[in-house]
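Asker: Shown below is the structure under consideration.
The values are calculated or read from the model by the stated rules, or taken from the named source; none is laboratory data. Only a predicted model underlies this, so the values are computations on that prediction, with no experimental measurement involved. Glycine gets a Cβ as well: all are built from the backbone with ideal geometry, and neighbour counts include every protein chain shown.
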Amino acid sequence: MEMKFRKNLMLWLVSVLLLPVNMAAQETETLEQMIERSMDRAVSQSLIMAKTLEGMPDLLPRTYENGKLQTIHYNGWVSGFFPGVLWQLYEYTGDKELRHYAEVMTERVEPAKKMTSTHDLGFMLYCSFGQGYRLTGNKHYLDVISEGTQSLLTRWNPKLGVIQSWGSNDRWQYPVIIDNMMNLEMLCFMTQEFSDRRYIRIAEKHAQTTIKNHYRPDYSCYHVVSYDTINGQPHAKQTAQGWADESSWARGQAWGLYGYTMMYRETLNRQYLDQACHIADFLLHHPRMPKDKVPYWDYDAPDIPNTKRDASAAAIMASALIELSQLDSSDKAAEWLAFAEGQLRTLSSPEYLAEKGEIGGFILKHSVGHFKAHSEVDVPLTYADYYYVEALMRLKQLLQKGEGEVNR
Ligand code: GLY
């Protein structure tokens with residue numbers, strides 16, 4: 001016992017003594033060095049995760065809680081993210097082992113293509129099979145995406161102009177959540193791939209209906225809007241995961257920012273660029289955005305600053321803002337990029353980035369799934385990792401083009 005105590009004390013002393021050295025090193029680190037250090041950590045963590053999951057057929061990671069990896073099957077909404085992390089790391093390294101694991105984990109998601117009970121098929125299939133198809137051209141992956149898209153479109157209602165997110169219940173006839181903007185990328189991809197404009201038309205209609213009904217005059221958004229199926233109008237504007245119906249749930253705001261940035265990239269419809277810029281303005285200048293740029297789980301949470309941060313919201317925002325900085329030709333572009341770089345610097349600090357071997361192979365600490373349900377609070381989440389890696393890859397590409405130098 002005494003030996004163990006002495007060993008722990010030694011480890012603590014060494015880490016305390018090294019802390020200023022590590023912090024000083026990170027303060028002087030270039031963005032290239034930061035990306036390399038963080039991606040190397042993402043690779044070593046993801047290999048740990050992949051090796052653990054290898055012996056657990058059909059399972060995919062969700063979070064790490066109570067000292068244990070928590071998993072889901074193909075039908076959990078987060079099933080596609082870990083395969084997507086592996087594909088992006090394969091792209092970064094060209095490493096065959098990562099590709100092998102990406103293929104194995106992607107295959108585990110395949111049965112999702114037949115699901116008609118969820119709107120999350122974009123997350124599940126496009127982040128996994130979509131990344132795999134982009135990098136390998138494997139036609140089977142395209143078939144899976146195509147079948148999954150037909151399943152998703154069983155939830156499209158042309159009269160309401162939106163894809164249904166969740167089933168109806170006592171409160172909601174036809175609930176649509178802001179997260180659903182993220183599923184539209186798969187529809188845009190289908191139009192490009194098959195030259196069939198039906199898909200992108202549906203994506204555009206959903207995006208426009210969402211601008212009209214989800215957004216408030218200050219460009220914050222509701223989490224859930226439910227439509228009256230007879231008159232086609234919203235009959236409820238509420239929250240499921242946020243603090244209150246009128247609050248701004250952090251991840252929801254990030255999904256919207258990402259969704260409209262992506263929709264502008266895909267359509268060049270100026271309305272989406274304007275929407276994305278307005279959302280970015282609302283978030284970047286929010287009085288309760290912390291100095292280190294990682295949002296609290298809800299911008300209106302009552303205990304700020306004594307409540308939890310959501311690293312997933314920061315990662316999604318960072319990835320979206322890097323893209324927005326490339327699409328927006330106004331003076332604001334430099335601000336979007338500088339903010340994203342600041343977010344990535346914080347997420348790449350010891351406060352957020354896992355030490356090697358820590359937290360079961362997840363990459364980022366401190367995300368929030370559903371605060372009020374006491375579910376996944378202050379834990380790693382597989383989608384935080386996905387968008388963090390995506391943001392690092394996007395920044396790396398900018399730097400390679402000789403851009404992205406605003407925040408050194
Ligand atoms: N799409 C569910 C969430 O963001 O928690």
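Asker: In segment 112-122, which residues are surrounded by 14 or more Cβ atoms within 10 Å (Cβ to Cβ) and of a type outside the set (D, E, K, R)?
Answerer: Answer for segment 112-122, where residues must be surrounded by 14 or more Cβ atoms within 10 Å (Cβ to Cβ) and of a type outside the set (D, E, K, R): Ala112, Met115, Thr118, His119, Leu121, Gly122.
Asker: Then there's this: Any residue at all in segment 89-103 that's within 16 Å of the ligand (Cβ to nearest atom) and either in contact with a strand residue (DSSP E or B) (Cβ under 6 Å, 6 or more places away or on another chain) or within 17 Å of Ala384 (Cβ to Cβ) (or both)?
Answerer: Start the filter on segment 89-103 by keeping residues that are within 16 Å of the ligand (Cβ to nearest atom), which leaves none.
No; the residues of segment 89-103 include none that is within 16 Å of the ligand (Cβ to nearest atom) and either in contact with a strand residue (DSSP E or B) (Cβ under 6 Å, 6 or more places away or on another chain) or within 17 Å of Ala384 (Cβ to Cβ) (or both).
Asker: Out of Ala315, Ala311, Ala340, I need the residue that is without any contact (Cβ under 8 Å) to a residue 60 or more places away in the chain and surrounded by 19 or more Cβ atoms within 10 Å (Cβ to Cβ). Which one? First the steps, then the outcome.
Answerer: Numbers: Ala315 fails: without any contact (Cβ under 8 Å) to a residue 60 or more places away in the chain; Ala311 fails: without any contact (Cβ under 8 Å) to a residue 60 or more places away in the chain.
After applying the criteria, what remains is Ala340.
Asker: Could you run through segment 347-368 and say how many residues are acidic (Asp, Glu) and part of a helix (DSSP H, G or I)? Outline the logic, then answer.
Answerer: Taking segment 347-368 as the starting set, the residues that turn out to be acidic (Asp, Glu) are 351, 355, 358.
With part of a helix (DSSP H, G or I) added as a condition, the list becomes none.
So the count comes out to 0.
Asker: Do we have any residue at all in segment 392-405 that's within 16 Å of the ligand (Cβ to nearest atom), at positive phi and either crowded, with 17+ Cβ neighbours inside 10 Å or at pLDDT below 95 (or both)? Give the steps one after another, and end with the answer.
Answerer: Applying the first criterion (within 16 Å of the ligand (Cβ to nearest atom)) to segment 392-405 yields none.
Checked against the condition, which is being within 16 Å of the ligand (Cβ to nearest atom), at positive phi and either crowded, with 17+ Cβ neighbours inside 10 Å or at pLDDT below 95 (or both), segment 392-405 yields no hits at all.
Asker: Would you mind telling me which numbered condition in (1) crowded, with 21+ Cβ neighbours inside 10 Å; (2) within 17 Å of Thr261 (Cα to Cα); (3) more than 16 Å from the ligand (Cβ to nearest atom) Tyr199 fails?
Answerer: The single condition Tyr199 does not satisfy is (2).
Asker: A further question follows. Take Phe81 and tell me if it is in contact (Cβ under 8 Å) with a residue 60 or more places away in the chain, touching a Leu at 6+ places or on another chain (Cβ under 9 Å) and within 16 Å of the ligand (Cβ to nearest atom).
Answerer: Details: in contact (Cβ under 8 Å) with a residue 60 or more places away in the chain: yes; touching a Leu at 6+ places or on another chain (Cβ under 9 Å): yes; within 16 Å of the ligand (Cβ to nearest atom): yes.
Taking the combined requirement at face value, the residue satisfies it.
Quick grid of which residues meet (1) in a helix (DSSP H, G or I); (2) surrounded by 15 or more Cβ atoms within 10 Å (Cβ to Cβ); (3) at pLDDT below 95:
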residue: Lys4; (1), (2), (3): yes, no, yes
residue: Leu18; (1), (2), (3): yes, no, yes
residue: Met23; (1), (2), (3): yes, no, yes
residue: Met34; (1), (2), (3): yes, yes, no
residue: Ser38; (1), (2), (3): yes, yes, no
residue: Ala50; (1), (2), (3): yes, yes, no
residue: Tyr74; (1), (2), (3): no, yes, no
residue: Val78; (1), (2), (3): no, yes, no
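Asker: Being farther than 20 Å from Asn269 by Cα and within 16 Å of the ligand (Cβ to nearest atom) is the requirement here; does Gly130 meet it?
Answerer: Details: farther than 20 Å from Asn269 by Cα: yes; within 16 Å of the ligand (Cβ to nearest atom): no.
When the stated conditions are applied, Gly130 does not pass them.
Asker: Cβ-Cβ below 7 Å, separation at least six or inter-chain, first residue in segment 111-138 and under 15 Å from Tyr74 (Cβ atoms) and touching a residue at least 60 places away in the same chain (Cβ under 8 Å), second among the basic types (Lys, Arg) and outside any loop (DSSP other than H, G, I, E, B): which pairs?
Answerer: These pairs meet every condition: Leu125/Lys113.
Asker: Among Val368, Val379, Val389, which is the only one that is more than 16 Å from the ligand (Cβ to nearest atom), within 20 Å of Arg251 (Cα to Cα) and either surrounded by fewer than 20 Cβ atoms within 10 Å (Cβ to Cβ) or among the hydrophobic types (A, V, I, L, M, F, W, C) (or both)? Before you say what the answer is, go through the steps one by one.
Answerer: Values: Val368 fails: more than 16 Å from the ligand (Cβ to nearest atom); Val379 fails: more than 16 Å from the ligand (Cβ to nearest atom).
On inspection, the qualifying residue turns out to be Val389.
Asker: Okay, moving on. Enumerate the pairs (first residue in segment 216-232 and closer than 14 Å to Val162 by Cβ; second residue anywhere and part of a loop (DSSP other than H, G, I, E, B) and β-branched (Val, Ile, Thr)) with beta-carbon separation below 9 Å, excluding pairs fewer than 6 apart on the same chain, so at least 6 apart or on different chains.
Answerer: If the second residue must be part of a loop (DSSP other than H, G, I, E, B) and β-branched (Val, Ile, Thr), the pairs left are Tyr222/Thr239; Val224/Thr239.
Asker: Considering only segment 186-214, how many residues are touching a residue at least 24 places away in the same chain (Cβ under 8 Å) and closer than 13 Å to Val162 by Cβ?
Answerer: Summing the residues that are touching a residue at least 24 places away in the same chain (Cβ under 8 Å) and closer than 13 Å to Val162 by Cβ in segment 186-214 gives 13.
Asker: Follow-up question, since we're still on this one. So is Phe189 over 23 Å from the mean Cα position of the chain (by Cα), more than 16 Å from the ligand (Cβ to nearest atom) and either among the aliphatic types (A, V, I, L, M) or surrounded by fewer than 24 Cβ atoms within 10 Å (Cβ to Cβ) (or both) or not? Talk me through it step by step, then tell me what you get.
Answerer: Working: over 23 Å from the mean Cα position of the chain (by Cα): no; more than 16 Å from the ligand (Cβ to nearest atom): yes; either among the aliphatic types (A, V, I, L, M) or surrounded by fewer than 24 Cβ atoms within 10 Å (Cβ to Cβ) (or both): yes.
Spelling it out, it is not the case that Phe189 is over 23 Å from the mean Cα position of the chain (by Cα), more than 16 Å from the ligand (Cβ to nearest atom) and either among the aliphatic types (A, V, I, L, M) or surrounded by fewer than 24 Cβ atoms within 10 Å (Cβ to Cβ) (or both).
Asker: Restrict the check to segment 140-148 and report whether at least one residue is of a type in the set (Gly, Ala, Ser), in contact with a helix residue (DSSP H, G or I) (Cβ under 6 Å, 6 or more places away or on another chain), within 26 Å of Gln238 (Cβ to Cβ) and surrounded by 18 or more Cβ atoms within 10 Å (Cβ to Cβ).
Answerer: Step one: list which residues in segment 140-148 are of a type in the set (Gly, Ala, Ser), which gives 146, 148.
Next, only the ones that are in contact with a helix residue (DSSP H, G or I) (Cβ under 6 Å, 6 or more places away or on another chain) stay: 148.
Pick out the ones that are also within 26 Å of Gln238 (Cβ to Cβ) and you get none.
Within segment 140-148, none of the residues are of a type in the set (Gly, Ala, Ser), in contact with a helix residue (DSSP H, G or I) (Cβ under 6 Å, 6 or more places away or on another chain), within 26 Å of Gln238 (Cβ to Cβ) and surrounded by 18 or more Cβ atoms within 10 Å (Cβ to Cβ).
Asker: Does Thr71 qualify as being more than 16 Å from the ligand (Cβ to nearest atom), closer than 26 Å to His374 by Cβ and more than 17 Å from the chain's Cα centre (by Cα)?
Answerer: Working: more than 16 Å from the ligand (Cβ to nearest atom): yes; closer than 26 Å to His374 by Cβ: yes; more than 17 Å from the chain's Cα centre (by Cα): yes.
The answer is yes for Thr71.
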